[in-house]
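*Asks:* Got a structure for you, written out below as structure tokens; questions coming shortly.
The values are calculated or read from the model by the stated rules, or taken from the named source; none is laboratory data. Here the structure is a predicted model, which is why all the values come from computation and not from measurement. Cβ: placed from backbone, ideal geometry, glycine included. Neighbour counts: every protein chain shown.
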Amino acid sequence: MDVKSEEFYSERDKRTISFIDDTDHLNKKIGVVISKKACQSYIGQLLVLTLLNQLSRVHRQIAVIVEEDEPLLIDDYPLINETKFSAAIQSLTESIDPYGDFQVVDKLMDCEASITVGNTDVSTTYYTGCRGTVGILSKDPIGRIDWGDQSKIGAGMASTLAAAALLRKTIDKPVRSLAICAWDYEEVKLDAGNYPEVLNSKPDLGNSFIIGAGAVGSAFTYWLRLLGFKGRLTLIDKDPVQLHNTNRSLLFIPEHSDWFDGRALNKVDILGETLEGSCRPIIEWYDEAEEIKDEKFDIIYCLANERDVRTRIMSRYPLVVLHATTGHDWLSQLHRHIYDTDDCIRCRMDDIKDVKLECSKGEVKKEKETEVEAPTNNRDAALPFLSTASGLLLYTLSLKTAFKSASQDKANDWRMFFDFLPDPFRKGRAKCKSDCPYSGRAQLVSKIHSKNKYKELIS
């Protein structure tokens with residue numbers, strides 16, 4: 001490894017390395033085998049490209065077996081401009097890591113861990129696929145995989161399970177077979193006959209506001225582009241792209257940072273371009289942006305946590321706030337805040353209290369919340385599959401909101417753990433503190449949001 005590449009990895013992977021501890025793990029070769037059916041379907045290509053987007057932000061050697069003559073079916077995939085699927089794979093991985101060793105090969109050799117997307121005759125460590133809204137990770141070949149359009153969300157979930165499994169294998173962490181439903185937020189049986197599907201309708205988000213263009217904001221934007229939406233978004237953030245952002249953000253590459261020429265692009269400009277005219281980007285901090293000070297939004301997505309943003313949001317008395325986070329213990333977390341139905345974002349996040357969580361298959365009990373000390377170890381929050389999953393779950397919650405079914409779930413706090421232990425999905429219900437200054441004003445909120453697209457959600 002030359003001096004330039006050492007400097008690159010030292011800067012890009014500093015948060016990853018703080019979690020991995022030994023950089024040798026990052027140099028272990030990973031193998032990906034892509035079945036012919038996966039190569040020939042939009043959903044299969046979506047799973048593969050999203051998986052490799054994540055893998056190449058961590059692993060420095062990846063070998064891929066792929067049908068080289070298949071056309072690229074995803075003509076709107078960001079970051080690449082190719083017509084052949086195999087060329088798209090090469091272009092994507094090299095743009096994410098210009099110093100990595102990424103090759104299309106005929107045979108896997110000397111791989112620390114490997115995975116097959118679909119079913120082939122090649123024996124690999126793991127196998128992945130999807131059915132409906134369910135992503136599957138298995139140690140054995142998967143009996144039935146659905147590559148139809150109704151499996152877009154399942155393909156996204158499968159990519160995160162696969163990325164997590166391969167990393168955990170290289171660092172000697174346990175992995176087990178499992179299937180996760182990204183719609184019902186629970187683990188399901190691998191051999192289930194029918195998995196939940198979602199109609200191919202796009203969520204109408206109305207006039208919505210995204211605060212924060214970091215890793216989760218990037219992932220949410222990624223899924224909005226590839227899975228689709230209706231409406232108009234306003235996106236605000238003042239941060240430029242830094243090289244270390246590219247280790248976990250699906251839409252940022254070194255070329256966007258100041259690594260090559262000393263000039264960094266703003267995050268919101270990149271996300272705005274990704275959404276192609278459906279987004280109003282504002283390069284400013286939320287608390288300093290005068291142009292949106294009095295504007296009313298149907299949904300607020302709070303994907304930032306600095307500059308007292310959560311308390312400032314509550315001064316608007318928002319009707320619907322949705323957000324997702326990543327955290328320690330291999331955690332991807334989803335949050336819902338519908339006024340007068342759920343707690344507010346300020347109480348849930350700033351008071352650092354942990355709700356009572358139940359097994360994903362259990363009933364959500366109305367128990368008193370337990371206050372706990374804020375976690376201080378946040379090192380594995382920088383892993384790409386955590387932010388990718390958080391963005392995907394935020395998309396499904398947006399779909400539920402658009403379908404006017406979001407408030408029907410008693411839970412408002414969902415946590416997915418990528419540690420492959422039992423009960424990977426846990427859910428709970430949080431309430432505002434008794435002295436919360438923003439609760440108990442439903443009449444005022446109804447008046448403020450009389451023209452809100454989701455005004456019927458308020459009690």
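*Asks:* Restricting attention to region 271-298, and to residues there that are assigned to a helix (DSSP H, G or I) and in contact with a strand residue (DSSP E or B) (Cβ under 8 Å, 6 or more places away or on another chain), which single residue is farthest from GLY231 (Cα to Cα)? Lay out the reasoning, then the answer.
*Replies:* First pass over region 271-298, keeping only residues assigned to a helix (DSSP H, G or I): 271-274, 286-288, 290-292.
Cutting the leftovers down to in contact with a strand residue (DSSP E or B) (Cβ under 8 Å, 6 or more places away or on another chain) gives us 271-272, 286, 291-292.
Details: LEU271: 16, GLY272: 14, TYR286: 21, GLU291: 19, ILE292: 17 Å.
Checking each candidate, the answer is TYR286.
*Asks:* Which condition from (1) surrounded by fewer than 22 Cβ atoms within 10 Å (Cβ to Cβ); (2) at pLDDT 90 or above; (3) under 30 Å from ASN245 (Cα atoms) is the one that ASP423 breaks?
*Replies:* Of everything listed in (1) surrounded by fewer than 22 Cβ atoms within 10 Å (Cβ to Cβ); (2) at pLDDT 90 or above; (3) under 30 Å from ASN245 (Cα atoms), ASP423 misses just condition (3).
*Asks:* Another question, then. Which of the residues belonging to region 116-135 are among the hydrophobic types (A, V, I, L, M, F, W, C) and closer than 15 Å to LEU166 by Cβ?
*Replies:* Our first condition is that a residue be among the hydrophobic types (A, V, I, L, M, F, W, C); within region 116-135, this holds for 117, 122, 130, 134.
VAL117, the sole residue that qualifies.
*Asks:* Also, I was wondering about something else. Taking region 121-138 as the region of interest, how many residues are in contact with a helix residue (DSSP H, G or I) (Cβ under 9 Å, 6 or more places away or on another chain) and part of a loop (DSSP other than H, G, I, E, B)?
*Replies:* 3
*Asks:* Tell me which residues, restricted to region 311-321, are crowded, with 22+ Cβ neighbours inside 10 Å and either touching a Leu at 6+ places or on another chain (Cβ under 6 Å) or not in a helix (DSSP H, G or I) (or both).
*Replies:* PRO318, LEU319, VAL320, VAL321
*Asks:* Still on this structure, I have one more. Hey, can you tell me all the residues within region 297-310 that are farther than 14 Å from ALA213 by Cα and surrounded by fewer than 16 Cβ atoms within 10 Å (Cβ to Cβ)?
*Replies:* If the condition is that a residue be farther than 14 Å from ALA213 by Cα and surrounded by fewer than 16 Cβ atoms within 10 Å (Cβ to Cβ), then ARG307, ASP308 are the ones that fit.
*Asks:* Now, a different point. Report, by residue number, each residue of region 413-425 that is in a loop (DSSP other than H, G, I, E, B) and touching a Ser or Thr at 6+ places or on another chain (Cβ under 8 Å). Outline the logic, then answer.
*Replies:* Let us first name the residues in region 413-425 that are in a loop (DSSP other than H, G, I, E, B), namely 418-424.
Hits for region 413-425 are PHE418, ASP423, PRO424.
*Asks:* Evaluate region 426-436: report whether one residue or more is assigned by TED's automatic domain parsing to the domain that holds HIS335, free of Cβ contacts under 8 Å to residues at least 60 places away in the same chain, assigned to a loop (DSSP other than H, G, I, E, B) and of a type outside the set (A, V, I, L, M).
*Replies:* Taking region 426-436 first, the residues assigned by TED's automatic domain parsing to the domain that holds HIS335 are 426-436.
Then keep just the ones that are free of Cβ contacts under 8 Å to residues at least 60 places away in the same chain; that gives 434-435.
Now drop any that are not assigned to a loop (DSSP other than H, G, I, E, B), which leaves 434-435.
Checking the rest, the ones that are also of a type outside the set (A, V, I, L, M) come to 434-435.
Taking every residue of region 426-436 in turn, at least one turns out to be assigned by TED's automatic domain parsing to the domain that holds HIS335, free of Cβ contacts under 8 Å to residues at least 60 places away in the same chain, assigned to a loop (DSSP other than H, G, I, E, B) and of a type outside the set (A, V, I, L, M).
*Asks:* If you check THR50, THR125, which single one turns out to be crowded, with 22+ Cβ neighbours inside 10 Å and either out of contact with any His (no Cβ under 7 Å at 6 or more places or on another chain) or at pLDDT 95 or above (or both)?
*Replies:* Details: THR125 fails: crowded, with 22+ Cβ neighbours inside 10 Å.
Testing whether each residue is crowded, with 22+ Cβ neighbours inside 10 Å and either out of contact with any His (no Cβ under 7 Å at 6 or more places or on another chain) or at pLDDT 95 or above (or both) leaves just THR50.
To keep it simple, each residue is scored yes or no on (1) surrounded by fewer than 23 Cβ atoms within 10 Å (Cβ to Cβ); (2) under 22 Å from the mean Cα position of the chain (by Cα).
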site: GLU7; (1), (2): yes, no
site: SER10; (1), (2): yes, no
site: GLY31; (1), (2): no, no
site: SER35; (1), (2): no, no
site: TYR42; (1), (2): yes, yes
site: ASN81; (1), (2): yes, no
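*Asks:* Determine whether LYS202 is surrounded by fewer than 18 Cβ atoms within 10 Å (Cβ to Cβ) and either farther than 26 Å from GLY272 by Cα or of a type in the set (S, T, N, Q) (or both). It would help to see each step written out before you state the result.
*Replies:* Numbers: surrounded by fewer than 18 Cβ atoms within 10 Å (Cβ to Cβ): yes; either farther than 26 Å from GLY272 by Cα or of a type in the set (S, T, N, Q) (or both): no.
No, not satisfied.
*Asks:* Give me the pairs, please: first residue somewhere in region 88-106 and in contact (Cβ under 8 Å) with a residue 24 or more places away in the chain, second residue anywhere and in a strand (DSSP E or B) and not β-branched (Val, Ile, Thr), beta-carbon distance under 6 Å, and either six or more positions apart or on two chains.
*Replies:* That search, which allows pairs on different chains as well, returns THR93/PHE102; ASP101/GLN61; GLN103/ALA63; VAL105/ALA63.
*Asks:* Condition first: in contact (Cβ under 8 Å) with a residue 60 or more places away in the chain, in a loop (DSSP other than H, G, I, E, B) and surrounded by fewer than 17 Cβ atoms within 10 Å (Cβ to Cβ). Now tell me which residues in region 445-459 satisfy that. Quick ask: steps written out before the conclusion?
*Replies:* Taking region 445-459 first, the residues in contact (Cβ under 8 Å) with a residue 60 or more places away in the chain are 445, 448-449, 451-455, 457-459.
Okay, now just the ones that are also in a loop (DSSP other than H, G, I, E, B), so 449, 451-454, 458-459.
Selection gives LYS451, SER459.
*Asks:* Identify all residues within region 308-346 that are within 23 Å of the chain's Cα centre (by Cα) and of a type in the set (Lys, Arg); write none if there are none.
*Replies:* Correct list: ARG310, ARG336, ARG346.
*Asks:* Looking at (1) touching a Ser or Thr at 6+ places or on another chain (Cβ under 7 Å); (2) under 22 Å from VAL309 (Cβ atoms), find the lone condition where GLU291 falls short.
*Replies:* Every listed condition holds for GLU291 apart from (1).
*Asks:* What number of residues within region 2-48 satisfy the criterion of being on the phi < 0 side of the Ramachandran plot and not in a helix (DSSP H, G or I)? Break it down into steps so the answer makes sense when it comes.
*Replies:* Filtering region 2-48 down to residues on the phi < 0 side of the Ramachandran plot leaves 2-20, 22-48.
Of the ones still in play, those that are also not in a helix (DSSP H, G or I) are 2, 13, 22, 28-35, 40-41.
Matching residues across region 2-48 total 13.
*Asks:* Across region 12-29, which residue is modelled with the lowest pLDDT among those that are of a type in the set (D, E, K, R) and surrounded by 14 or more Cβ atoms within 10 Å (Cβ to Cβ)? Show your work before the answer.
*Replies:* Filtering region 12-29 down to residues of a type in the set (D, E, K, R) leaves 12-15, 21-22, 24, 28-29.
Checking the rest, the ones that are also surrounded by 14 or more Cβ atoms within 10 Å (Cβ to Cβ) come to 12-13, 15, 28-29.
Numbers: ARG12: 94, ASP13: 93, ARG15: 85, LYS28: 95, LYS29: 97.
So, considering only residues that are of a type in the set (D, E, K, R) and surrounded by 14 or more Cβ atoms within 10 Å (Cβ to Cβ), the one modelled with the lowest pLDDT is ARG15.
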